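A.B. asks: Provided herewith is a single structure, encoded as structure tokens, for subsequent inquiry.
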Amino acid sequence: KYGGKVPYHRRPTLAVEYKQIGAFLKSQVFPSAPAFMQQVMEYDGANLAAVTAAPRGFQSGDRVTWFVLFQNVSGFFLHPVGLEVLVDHSSLDMSEWAVSRVFYNGQYYRDMVQLESAYVQGRISVEKVRKAPQDGDFSSMKPRAPAAAPFPLQFEPQGPRYRVRNNQVLFQGWSFAFGMSVSRGLRLFDIRHKGERVAYEISVQEALSVYGSNCPAGMSTRYMDGSFGLGRYTSPLVPGVDCPYLATFVDTLSLSDSLRPKKRKASLCIFEQNLGSPLRRHYSNLQSLYYGGLVNSALVLRSIATVGNYDYVWDFIFYQNGALEGKVQATGYPSSSFLHGDGLRYGNRLWEHTLGTIHTHFVNYKVDLDVAGVKNSLMAHDMVFEMAQAPWSPEQQIERPRLTRRVLDTEDQAAFLLHSKMPRYIYFAANSKNKWGHQRGYRIQITSSAGDHIPEASSMERAISWARYQLAVTRRKEEEPTSTSIYNQNDPWTPTVAFADFINNETITNEDLVAWITAGFLHIPHSEDIPNTVTVGNSVGFLLRPYNYYDLDPSIYSQDGVFFTSEQDFTACEINPLACLPKTASCLPNFPPFTFDGFRNM
């Protein structure tokens, strides 16, 4: 698959290895500094939690990991104690594992023995952290207010208007199949609208976070969450919060860290959502008097991956006008470092000893569009202002916008660096035309506020080189199925898959094409991230929108449309379906009992 053997040191770190490292810290490392651990850390064998950094070293073959110690309480990610340990676990013989460095409160030590010696001799600056209660105090997610009147709920007066059969979904003019990759998470196949295929595959590829800090683990962390498993860590969903209460919940299976697949109950949900706004509307008070509109009701497919401290809400949304949206919202706990020295250069103070560390989020999608057939070309439309003489008054000048058209012929032309200017209308064009003589197309529109990408001079940049580009369009190849690999995390210096190699100036005119889309945002944690980061403002993704694909807006054929004139009786059901709601939606639905299986078989 990768053109040669994959070295064993690139393997992802599995639960058994973390358990072995935990036992190594507890039985060999911490006992070598008894006074420090007892008097400063108040260590009792269970009150500290270790969190891994990654990647693990500086060169291929390294498996040397910084572990950050936190108070083991609810929301422990916000309770650093100032101690970090660098463990060399590269040997397959655990008796050869060793501590390479120790960091405490801004100072580095050779090992725990040297730290203990410095402490006993009084040559160490001790910053005693106040012991947190088990609920975490400020990091607790327990509501600070009593329950009051229930929040609004959606329900379907005559039942769901979509159908789910195994992994197939039908909704209005849409049909698609869904799946869950252990490493990459949510993915779609054979996406069709009005019976015609729009895309062969749309899938999440990777979620990347690059951190900054003045502590060793924080400054060296570049999490590639696919290596940990965006599908493997798909979370059980809570009805009424994670998804609407009456959504359809689907179990998912994953095979990792085990000889048997594991079932995650209700870890994917499907629902139709009234977005509370019109998809389109017009109120005419000139000439004829009428109102026409269509509610924006869309189908949502959702999963939520909890990878360590972060929760990623992954959505694919299907609109009635033929548009499809891929969106991710970030929530969960911010990662933190122990506040010391010049820490405020790398974030904001969130609590007494807690530094919320600056970091970037990047997500990558594969979008294998097949617009009216497999063979497509990439087109760019934009605008320029041109000066023109007013034909009726030649001595006067008019500045008018003009449409620009361009065919992007090669992969190099279709690779747009992260913050470079990109044509505002960029679309996959078919060989066929619509009624008005335009090539049928689907437009790619990206929503992103990404931070900066790691400099290309970095020794590990090629492993995440997909993040160089906000958009790159390449020929579809069976040997290029994904933009990255689970093996890139633990050996980014010799990446198993380097996306930059996909772009080699091949022609992309009238070919089977794939769009690789990157969206992201910069996160500087602030006090309102306590106890949790909110999804508001932390949402990025892309839209696929029909562009001359149809002869007119297909949503005009929606059965949800509303139209009435001043001369009609708009209180009558046969004229205006909204007038029927007092009868058709007068009864509350029968809500099933609340269930949640997220704490079973942990």
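A.B. asks: If we scan region 47-58, do we find a residue that is in contact (Cβ under 8 Å) with a residue 24 or more places away in the chain, assigned to a helix (DSSP H, G or I) and surrounded by 15 or more Cβ atoms within 10 Å (Cβ to Cβ)?
C.D. replies: No, every residue in region 47-58 fails to be in contact (Cβ under 8 Å) with a residue 24 or more places away in the chain, assigned to a helix (DSSP H, G or I) and surrounded by 15 or more Cβ atoms within 10 Å (Cβ to Cβ).
A.B. asks: Please count how many residues of region 109-123 are among the hydrophobic types (A, V, I, L, M, F, W, C) and either free of Cβ contacts under 8 Å to residues at least 24 places away in the same chain or open to solvent by 40 Å² or more (accessible area, probe 1.4 Å) (or both).
C.D. replies: Adding up the residues that qualify gives 3.
A.B. asks: Further, regarding this structure: Counting only residues that are over 12 Å from residue 471 (Cβ atoms), among the small types (Gly, Ala, Ser) and modelled with pLDDT under 95, give me the strands (runs of 3 or more DSSP E) lying completely in region 388-438 with at least 3 of them.
C.D. replies: Strands (runs of 3 or more DSSP E) meeting the threshold: none at all.
A.B. asks: Here are some conditions: (1) out of contact with any strand residue (DSSP E or B) (no Cβ under 8 Å at 6 or more places or on another chain); (2) within 26 Å of residue 531 (Cβ to Cβ). Residue 131 meets all but one. Which one does it not meet?
C.D. replies: Only one criterion is unmet by residue 131, namely (1).
A.B. asks: For region 37-62, give me each residue that is more than 27 Å from the chain's Cα centre (by Cα) and among the charged types (D, E, K, R).
C.D. replies: 42, 44, 62
A.B. asks: Of the numbered conditions (1) at pLDDT 95 or above; (2) outside any helix (DSSP H, G or I); (3) open to solvent by 50 Å² or more (accessible area, probe 1.4 Å), residue 223 satisfies every one except a single condition; which is it?
C.D. replies: Here residue 223 meets the rest and fails (3).
A.B. asks: Related question: Give region 406-448 a look and list any residue that's in contact with a strand residue (DSSP E or B) (Cβ under 9 Å, 6 or more places away or on another chain) and loosely packed, with under 13 Cβ neighbours inside 10 Å, or say none.
C.D. replies: Result: 407, 419, 420, 424, 432.
A.B. asks: Working only within region 364-399, note down all residues that are under 30 Å from residue 450 (Cα atoms) and of a type in the set (Val, Ile, Thr).
C.D. replies: 367, 371, 384
A.B. asks: Assigned to a strand (DSSP E or B) and under 30 Å from residue 67 (Cβ atoms), is that true of residue 210?
C.D. replies: So residue 210 fits the description; yes.
A.B. asks: If residue 252 satisfies every condition in (1) of a type in the set (S, T, N, Q); (2) assigned to a strand (DSSP E or B); (3) farther than 30 Å from residue 544 by Cβ but one, which is the exception?
C.D. replies: Looking at each condition in turn, residue 252 falls short on (3).
A.B. asks: Something else about it: May I ask you to say which residue of 365, 283, 291 is outside the structural domain of residue 67 (by the TED database) and under 25 Å from the mean Cα position of the chain (by Cα)?
C.D. replies: Of 365, 283, 291, the one residue that is outside the structural domain of residue 67 (by the TED database) and under 25 Å from the mean Cα position of the chain (by Cα) is 365.
A.B. asks: May I pose another question? Among the residues of region 194-217, is there at least one that is of a type in the set (S, T, N, Q), surrounded by fewer than 20 Cβ atoms within 10 Å (Cβ to Cβ) and not assigned by the TED database to the domain that holds residue 107?
C.D. replies: no
A.B. asks: Pairs please, first residue from region 307-326 and farther than 17 Å from residue 296 by Cβ, second anywhere and of a type in the set (Lys, Arg), Cβ atoms under 7 Å, 6+ apart in sequence or on different chains.
C.D. replies: Note: pairs meeting the criteria are 313/302; 314/302.
A.B. asks: For residues that are assigned to a loop (DSSP other than H, G, I, E, B) and touching a His at 6+ places or on another chain (Cβ under 9 Å), scanning just region 126-165, find the one that is surrounded by the most Cβ atoms within 10 Å (Cβ to Cβ).
C.D. replies: 132
A.B. asks: Considering each residue of region 506-542, count those that are among the polar types (S, T, N, Q), assigned to a loop (DSSP other than H, G, I, E, B), open to solvent by 30 Å² or more (accessible area, probe 1.4 Å) and closer than 21 Å to residue 364 by Cα, and give that number.
C.D. replies: Within region 506-542, residues that are among the polar types (S, T, N, Q), assigned to a loop (DSSP other than H, G, I, E, B), open to solvent by 30 Å² or more (accessible area, probe 1.4 Å) and closer than 21 Å to residue 364 by Cα number 1.
A.B. asks: I would also like to ask the following. For region 359-387, name all the residues that are hydrophobic (A, V, I, L, M, F, W, C), surrounded by fewer than 21 Cβ atoms within 10 Å (Cβ to Cβ) and not in a strand (DSSP E or B).
C.D. replies: 374
A.B. asks: In region 322-338, what count of residues is obtained for those that are closer than 29 Å to residue 275 by Cβ, hydrophobic (A, V, I, L, M, F, W, C) and part of a strand (DSSP E or B)?
C.D. replies: Residues that pass the stated criteria total 3.
A.B. asks: Since residue 441 meets every condition but one in (1) under 22 Å from residue 197 (Cα atoms); (2) not in a strand (DSSP E or B), which condition does it not meet?
C.D. replies: Checking residue 441 against (1) under 22 Å from residue 197 (Cα atoms); (2) not in a strand (DSSP E or B), the one that fails is (2).
A.B. asks: Pairs only if they're at least six apart or on different chains, beta carbon under 7 angstrom, first in region 435-446 and under 16 Å from residue 382 (Cβ atoms), second polar (S, T, N, Q) and open to solvent by less than 40 Å² (accessible area, probe 1.4 Å); list them, first residue then second.
C.D. replies: Qualifying pairs under 7 Å: 446/470.
A.B. asks: Another question about this same structure. Restricting to region 264-282, what's the tally of residues that are within 18 Å of residue 166 (Cβ to Cβ) and either exposed (fewer than 13 other Cβ atoms within 10 Å of the Cβ) or among the aliphatic types (A, V, I, L, M) (or both)?
C.D. replies: Qualifying residue count for the region: 3.
A.B. asks: Moving on to the next point. Could you grab the pairs with beta carbons closer than 7 Å, sequence gap of 6+ or different chains, first residue in region 7-22 and surrounded by 16 or more Cβ atoms within 10 Å (Cβ to Cβ), second one among the hydrophobic types (A, V, I, L, M, F, W, C) and not in a helix (DSSP H, G or I)?
C.D. replies: 12/486; 21/87
A.B. asks: Among the numbered criteria (1) at pLDDT 95 or above; (2) farther than 23 Å from residue 223 by Cβ, which single criterion is violated by residue 345?
C.D. replies: Residue 345 satisfies all of (1) at pLDDT 95 or above; (2) farther than 23 Å from residue 223 by Cβ except (2).
A.B. asks: I'd like the full set of residues that are within 15 Å of residue 295 (Cβ to Cβ), outside any helix (DSSP H, G or I) and open to solvent by less than 30 Å² (accessible area, probe 1.4 Å), limited to region 562-587.
C.D. replies: Correct list: 562, 576.
A.B. asks: Filter region 1-34 down to residues that are more than 16 Å from residue 90 (Cβ to Cβ) and aromatic (Phe, Trp, Tyr) and give me whichever is modelled with the highest pLDDT.
C.D. replies: Per the criteria, the residue is 30.
A.B. asks: Follow-up. Would you pick out the residues in region 192-234 that are under 20 Å from the mean Cα position of the chain (by Cα) and under 30 Å from residue 429 (Cα atoms)?
C.D. replies: 201, 202, 203, 204, 205, 206, 207
The values are calculated or read from the model by the stated rules, or taken from the named source; none is laboratory data. A quick note: this is a predicted structure, and the numbers were derived from the prediction, not measured. Positions of Cβ are generated from backbone atoms using ideal geometry, with glycine treated the same way; all protein chains shown enter the neighbour counts. Please note that ligands, DNA and RNA were not included when accessible areas were found on the heavy atoms of the full protein model with its side chains. Shrake-Rupley method; radii C 1.70, N 1.55, O 1.52, S 1.80 Å.
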